[in-house]
Amino acid sequence: MFDKKIVNEDNLQTINLIGDLDVYSEDEFKTFINEEIDPNKNITIDLKDLDYLDSTGLGMFMNIYKMLNDNNKEIKIINAKDNIKKLFRITDLTDLFDVE
């Protein structure tokens, strides 16, 4: 199961990811990225309700990173569970993302 919620503020979008972000949710999340994310705003991604992330999900994070980086915007990841933080660390994505 995968779900997402987005809150828009002036220069910030907060995205809450829920459930499992994996190969099975790739198409839904890719559509969400293309249709809902504003590349002209900074983004905070709240992972407190994300239970599982695989390499496909990490690839989706890279798509968001590229979109925002091209517009000089920032991405912050908050409330990631230990298993997801570990995945960001071992893939060296903590060099690209501000993971709190």
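The values are calculated or read from the model by the stated rules, or taken from the named source; none is laboratory data. Keep in mind that this is a model prediction, so the values were computed, not measured. We place every Cβ from the backbone using ideal geometry, glycine too, and count neighbours over all the protein chains shown. Keep in mind that these areas ignore ligands, DNA and RNA; they rest on the heavy atoms of the full protein, side chains included. Shrake-Rupley method; radii C 1.70, N 1.55, O 1.52, S 1.80 Å.
Report whether or not Gly19 is touching a helix residue (DSSP H, G or I) at 6+ places or on another chain (Cβ under 8 Å) and on the phi > 0 side of the Ramachandran plot.
Yes.
Quick one: in region 61-94, which of the residues that are aromatic (Phe, Trp, Tyr) and farther than 16 Å from Gly19 by Cβ is most open to solvent (accessible area, probe 1.4 Å)?
Ranking the qualifying residues of region 61-94, first place goes to Tyr65.
So Leu58 fits all but one of (1) open to solvent by 50 Å² or more (accessible area, probe 1.4 Å); (2) of a type in the set (A, V, I, L, M, F, W, C); (3) in contact (Cβ under 8 Å) with a residue 12 or more places away in the chain; what number is the exception?
Every listed condition holds for Leu58 apart from (1).
Considering only residues that are more than 13 Å from the chain's Cα centre (by Cα) and in contact (Cβ under 8 Å) with a residue 24 or more places away in the chain, which ones fall in region 26-37?
Matches in region 26-37: Glu28 only.
Collect the residues in region 1-45 that are part of a helix (DSSP H, G or I) and open to solvent by less than 10 Å² (accessible area, probe 1.4 Å), keeping them in residue-number order.
Within region 1-45, Ser25, Phe29, Ile33 meet the criteria.
Give the residues of region 59-100 that are part of a loop (DSSP other than H, G, I, E, B), of a type in the set (S, T, N, Q) and out of contact with any Asp or Glu (no Cβ under 7 Å at 6 or more places or on another chain), sorted by residue number.
Asn71, Asn72, Thr91 - these are the residues of region 59-100 that are part of a loop (DSSP other than H, G, I, E, B), of a type in the set (S, T, N, Q) and out of contact with any Asp or Glu (no Cβ under 7 Å at 6 or more places or on another chain).
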